[in-house]
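In what follows, a structure is listed as structure tokens, so that the remarks can point back to it.
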Amino acid sequence: MLMRQIQLHAIEGSMILSQSGKEKLQKLYGLADGERLVLVISSQQEKLLSIRSLVEGAKEHDERLWSNIEKGQLFWLGLVDQLLQGEGRKQTADLVKKGFTHLEELLRSAWLVGDISSGTFGYLDHVVGSWIAKMAGFMLAEVCDDVVLCEMDKALTMPAEDVPSVLVVSSPCHEGWQAFDAEAVASSLCIQYDAHTMTCWNSISLVRTADLNEVPSAQVIPLLSYSEATELSYFGSSVIHPKALLPAISKGYEVNLRCWNDFEEPGTVVTPNEDPKGSGTIKGFSVIHNTSLVNIEGAGLSGVIGFSARLFAAMTQAGISVILYSQASSEYSICLAVPSQQAEKAVETAKSCFHEELEDNRVHAIEAKDGLAIIAAVGNQMAGKSGVSGLFFSSLGKAGVNVMAIAQGSSERNISAVIKGKDCTKALRGLHASFFLSRQALSVGLIGPGNIGGTLLDQIAKEKVRLNEQFGLDIRIRAIANSRKMLLDDEGIDLDNWRQEFEERSVDCDLTAFETHVSVTYFPHSAIIDCSSSSFLAGRYVAWLKMGMHVITPNKKAGTADYAYYRQLFDTCRDTGRRFLYETTVGAGLPVLGTLKDLVQTGDNIRKIEGIVSGTLAWLFNNFDGSKPFSALVREAKQLGYTEPDPRDDLSGMDVARKTVILARELGYDVEVSQVPIESLVPKELAALPADLFLSRLDELDGPMLERFRQAGNEGKRLCYVGQVDAGGSCSVALKAYPADHPFSQASGTDNVICFTTDRYLDQPLVIKGPGAGREVTAGGVFSDILRLSAYLGARI
């Protein structure tokens, strides 16, 4: 025999009053055989029609009242006309008209006497709730055959066997009715009807690990125990009112918490059982805002029996809600956290209670501190686990949040701290990062989404899921910018569609806003990747490091800036513990700098470094065989994208000089680019011309270059453009001829070739060879730097 199942749903009625709400109802409430549905409506429609503001208008003789009543009626009738049809439309429209007629009578009375009874508000909520329930009933009747509408009083006395397929229950008419009463009544009906589940829908949010407005990375909590849900609710989280959980706790059924605005999300299940997976020491964080701390201090408190009992008895008699209580082990002071609106009364109550102690100085001071909040961490798995409290308070300290009082229940499922209200956001974000984000979660901002930067984003998109699943590495590209526009996203930009997102959602670039967004405290780590060639941005690296961000770049401008800035850059890394990674500034994706660091740090003596370090010049001289003019090769290289827009940026040798200086500085030499003798391939008479005019006179390079080529050939050698660092730090950049068996002469394409002559590699230099140009290899090198940083931060790579 099929057991009858009754699913009971408490929802906010205002959320069904739209076409999308109607579609959601129809989709949601398809009933299986033998299954019943009880739908409890809560009349939270104040955003649609603020009855209370109408009442206030009547009391204050606001002449706009009468036109507002007319607007309200037109709104509701329009809603009825939009959502309903046939007899349902007519009946509900008549109900609305009748209700507004009665409402106008009440408001005229309020206008005359200048007041209105508090019970009227409950009645008005009931009236509007009945409209919503009637509309819900008719909408459901379109998809269900057996729909019955009744008020809560009747539903509470209806035998279970009389419950139809769909029972729509409207709010009662009594003074003091509140929204959470719908949840409580629904919970009671679950027991009466022997239901197995209850689902509560709200229009605010799903239950998350923290308030989404304050912690954008907050996650939905899939499972809560009754005790965890009660604790989170008590401390301000919009879970479910504890009053509604009492029947569920007595019966042991599950309560589902869902949100209309996230209709497809399954939400949270509140269950009598512990989480079988034991997932997460902390389930979530809640905050009670607008709190004050009442401090009672005095040497006379120590060892006095019954002092606390007197204090709590006095507070109870005065009707003051004590949220948190803490007493120093010395018994010198006691503090109570109370709602801010009760702080003054609490102080007066305490002074009255201890007036004798105040007079004889056994109590020195009773005062309140305002503008505070209580932040609480909740989770059953906290019990018996060492280090949770330490991490909780160290995270607050790291976020720069001062703790004014603490409390922890003996059950160990709650840790609470009183903090300044203005510190709530950074406290929540710091705690959430410590307990919920991967310790390798990285907030990343990328500047320069062009050839290299764009390719890097595509590479990260391809590997992001694998890196997260295998190594726990969570790379969040939260900001992308070029010189004009930027795209910021709290959770992380969808890298599968980043180009479209950047095109459609970007705003004017504001570097300060960009930096602030990337360096948020609620991510464990942050980094900026500079894929531009900007000297200005390179000059910001020290500031970024001081802001707590790591820096990764293929931009050579910082590594070749004034030596004083160069030293400051590395001194700042040492002082802040942040990393500056720049492997791709020499050799693109080749391990040039990493190899050099290893040689130096393991004690090898570097005697000389020689290198073909320009992919552009490598390609030109690897293809220059005298059969084609040198100028034609330059034009071809420009078409292939190997050169800069102005080829003189490559032909001048400045790029090679910068890379040579970077190598020299890695050896500890104080070298400036201006000190390096550079053999430019651009004749002086062409150096200052406009770019288009220079390109038109490019043929003037052909004669001298052909002569150099023939001279090298006569000697059995090959031309290579090389940067060199000698012992002592002397640098040079020049076009040289090398024997056919030299590693430089055996290069092809855009190959970079770097030779290290050292004490260990004296007879045969250590050679690194491979592609030294191209967006794929350069982007891959930057990606490798990201992984190096992640390994430094603790990723298992």
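The values are calculated or read from the model by the stated rules, or taken from the named source; none is laboratory data. The structure presented is a predicted model; accordingly, all values stated were derived computationally and were not measured. Every residue, glycine among them, receives a Cβ derived from its backbone with ideal geometry; neighbour counts consider all protein chains shown. Side chains included, ligands, DNA and RNA excluded: accessible areas come from the protein's heavy atoms. Shrake-Rupley method; radii C 1.70, N 1.55, O 1.52, S 1.80 Å.
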query = In region 607-634, how many residues are over 46 Å from the mean Cα position of the chain (by Cα) and on the phi < 0 side of the Ramachandran plot?
reply = 17
request  = Please enumerate the residues belonging to region 219-254 that are aliphatic (A, V, I, L, M), crowded, with 23+ Cβ neighbours inside 10 Å and closer than 22 Å to His432 by Cα.
outcome  = Ile221, Leu224, Ala229, Leu232, Val239, Ile240
Criterion: touching a helix residue (DSSP H, G or I) at 6+ places or on another chain (Cβ under 7 Å) and open to solvent by 60 Å² or more (accessible area, probe 1.4 Å) - qualifying residue of Asn623, Asn605 = Asn623
request  = With the checklist (1) surrounded by 15 or more Cβ atoms within 10 Å (Cβ to Cβ); (2) modelled with pLDDT of 85 or more in hand, flag the one item Gln440 doesn't pass.
outcome  = (2)
remark   = Arg567 vs (1) among the charged types (D, E, K, R); (2) more than 41 Å from the chain's Cα centre (by Cα); (3) at pLDDT 95 or above; (4) open to solvent by 20 Å² or more (accessible area, probe 1.4 Å): all pass except (2)
message = For region 137-177, give me each residue that is modelled with pLDDT of 75 or more, farther than 22 Å from Leu25 by Cα and crowded, with 17+ Cβ neighbours inside 10 Å.
response = Met158
note = Ile493: passes all of (1) free of Cβ contacts under 8 Å to residues at least 40 places away in the same chain; (2) open to solvent by 20 Å² or more (accessible area, probe 1.4 Å); (3) assigned to a loop (DSSP other than H, G, I, E, B) but (2)
request  = Please work out which residue is most open to solvent (accessible area, probe 1.4 Å), limiting yourself to region 31-43 and to residues that are under 20 Å from Ala160 (Cα atoms) and at pLDDT below 80.
outcome  = Asp33
query = Name the residues in region 240-261 that are assigned to a helix (DSSP H, G or I) and polar (S, T, N, Q), would you?
reply = Ser250, Asn261
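Identify the residue in region 774-788 that is among the aliphatic types (A, V, I, L, M) and surrounded by 21 or more Cβ atoms within 10 Å (Cβ to Cβ) and, among all such residues, is nearest to Asp530 (Cα to Cα). Even if it seems obvious, please write down each step before you answer.
Just the residues of region 774-788 that are among the aliphatic types (A, V, I, L, M), to begin with: 777, 779, 782, 786-787.
Still in the running and surrounded by 21 or more Cβ atoms within 10 Å (Cβ to Cβ): 777, 779, 782, 786.
Details: Val777: 16, Ala779: 12, Val782: 10, Ile786: 12 Å.
Only one residue tops the list, namely Val782.
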request  = Please go through region 445-462 and pick out each residue that is open to solvent by 30 Å² or more (accessible area, probe 1.4 Å), under 19 Å from Gly641 (Cβ atoms) and either of a type in the set (D, E, K, R) or assigned to a helix (DSSP H, G or I) (or both).
outcome  = Asn451, Ile452, Asp458, Gln459
Whichever residue in region 626-644 is touching a residue at least 60 places away in the same chain (Cβ under 8 Å) and over 25 Å from Thr584 (Cα atoms) and, among such residues, is most open to solvent (accessible area, probe 1.4 Å) = Arg635
query = Can you name the residue in region 70-120 that is modelled with pLDDT of 85 or more and among the β-branched types (Val, Ile, Thr) and, of all such residues, is farthest from Lys24 (Cα to Cα)?
reply = Thr101
message = Step by step: first the residues of region 413-436, then only those that are without any contact (Cβ under 8 Å) to a residue 60 or more places away in the chain and in a helix (DSSP H, G or I), then the one that is most open to solvent (accessible area, probe 1.4 Å). Which residue is that?
response = Lys422
query = Across region 724-750, which residue is modelled with the highest pLDDT among those that are under 19 Å from Asp604 (Cβ atoms) and in contact with a helix residue (DSSP H, G or I) (Cβ under 6 Å, 6 or more places away or on another chain)?
reply = Val725
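Got a sec? Which of Ile480, Ile447, Ile460 is touching a Pro at 6+ places or on another chain (Cβ under 8 Å) and at pLDDT 95 or above? Quick ask: steps written out before the conclusion?
Values: Ile447 fails: touching a Pro at 6+ places or on another chain (Cβ under 8 Å); Ile460 fails: touching a Pro at 6+ places or on another chain (Cβ under 8 Å).
Matching residue, one of Ile480, Ile447, Ile460: Ile480.
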task = Answer yes or no as to whether Asp275 is open to solvent by 10 Å² or more (accessible area, probe 1.4 Å), in contact with a Leu (Cβ under 8 Å, 6 or more places away or on another chain) and at pLDDT below 80.
result = yes
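Given Leu681, Leu689, which one is over 30 Å from His550 (Cα atoms), free of Cβ contacts under 8 Å to residues at least 40 places away in the same chain and part of a loop (DSSP other than H, G, I, E, B)?
Leu689 is the lone residue from the list that is over 30 Å from His550 (Cα atoms), free of Cβ contacts under 8 Å to residues at least 40 places away in the same chain and part of a loop (DSSP other than H, G, I, E, B).
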key: Tabulated pairs, region 82-110, first farther than 17 Å from Gly129 by Cβ, second open to solvent by 60 Å² or more (accessible area, probe 1.4 Å), C-beta under 7 angstrom, 6+ apart or interchain   = Gln82/Gln19; Arg89/Asp81; Ala110/Lys59
message = Can you pull out every residue in region 391-411 that is open to solvent by less than 70 Å² (accessible area, probe 1.4 Å) and either more than 16 Å from Leu428 (Cα to Cα) or part of a loop (DSSP other than H, G, I, E, B) (or both)?
response = Ala399, Gly400, Val401, Val403, Met404, Ala405, Ala407, Gly409, Ser411
query = So, of the residues in region 44-63 that are at pLDDT 60 or above and not in a helix (DSSP H, G or I), which turns out to be least open to solvent (accessible area, probe 1.4 Å)?
reply = Asp62
query = Taking region 300-331 on its own, how many of its residues are at pLDDT 70 or above, polar (S, T, N, Q) and either under 26 Å from Ile415 (Cα atoms) or within 41 Å of the chain's Cα centre (by Cα) (or both)?
reply = 5
ask   = If the Cβ limit is 6 Å and pairs must be 6+ apart or interchain, which residue in region 700-720 that is among the charged types (D, E, K, R) pairs with which residue that is surrounded by 14 or more Cβ atoms within 10 Å (Cβ to Cβ)?
value = Asp702/Pro629; Asp702/Phe630; Asp702/Ser631; Lys717/Ala737; Lys717/Tyr738; Arg718/Tyr738; Arg718/Ser745
request  = Please enumerate the residues belonging to region 635-663 that are part of a loop (DSSP other than H, G, I, E, B) and either among the polar types (S, T, N, Q) or under 42 Å from the mean Cα position of the chain (by Cα) (or both).
outcome  = Gly641, Tyr642, Thr643, Glu644, Pro645, Asp646, Ser652
inquiry  = Suppose we filter region 738-766 for residues that are open to solvent by 60 Å² or more (accessible area, probe 1.4 Å) and either touching a residue at least 40 places away in the same chain (Cβ under 8 Å) or not in a helix (DSSP H, G or I) (or both); how many remain?
reply    = 9
inquiry  = For the condition more than 25 Å from Leu667 (Cβ to Cβ) and touching a Pro at 6+ places or on another chain (Cβ under 9 Å), what is the one hit in Thr750, Thr758, Thr778?
reply    = Thr750
note = Within region 194-239, the residues that are assigned to a loop (DSSP other than H, G, I, E, B), out of contact with any Phe, Trp or Tyr (no Cβ under 8 Å at 6 or more places or on another chain) and under 17 Å from Ile11 (Cβ atoms) are Ile204, Ser205, Leu206, Val207, Ser238, Val239
query = Val215 versus (1) over 34 Å from the mean Cα position of the chain (by Cα); (2) modelled with pLDDT of 80 or more: which is the lone unmet condition?
reply = (1)
task = Give the residues of region 645-689 that are among the charged types (D, E, K, R) and closer than 14 Å to Val586 by Cβ, sorted by residue number.
result = Asp655, Arg658, Lys659, Arg665, Glu666
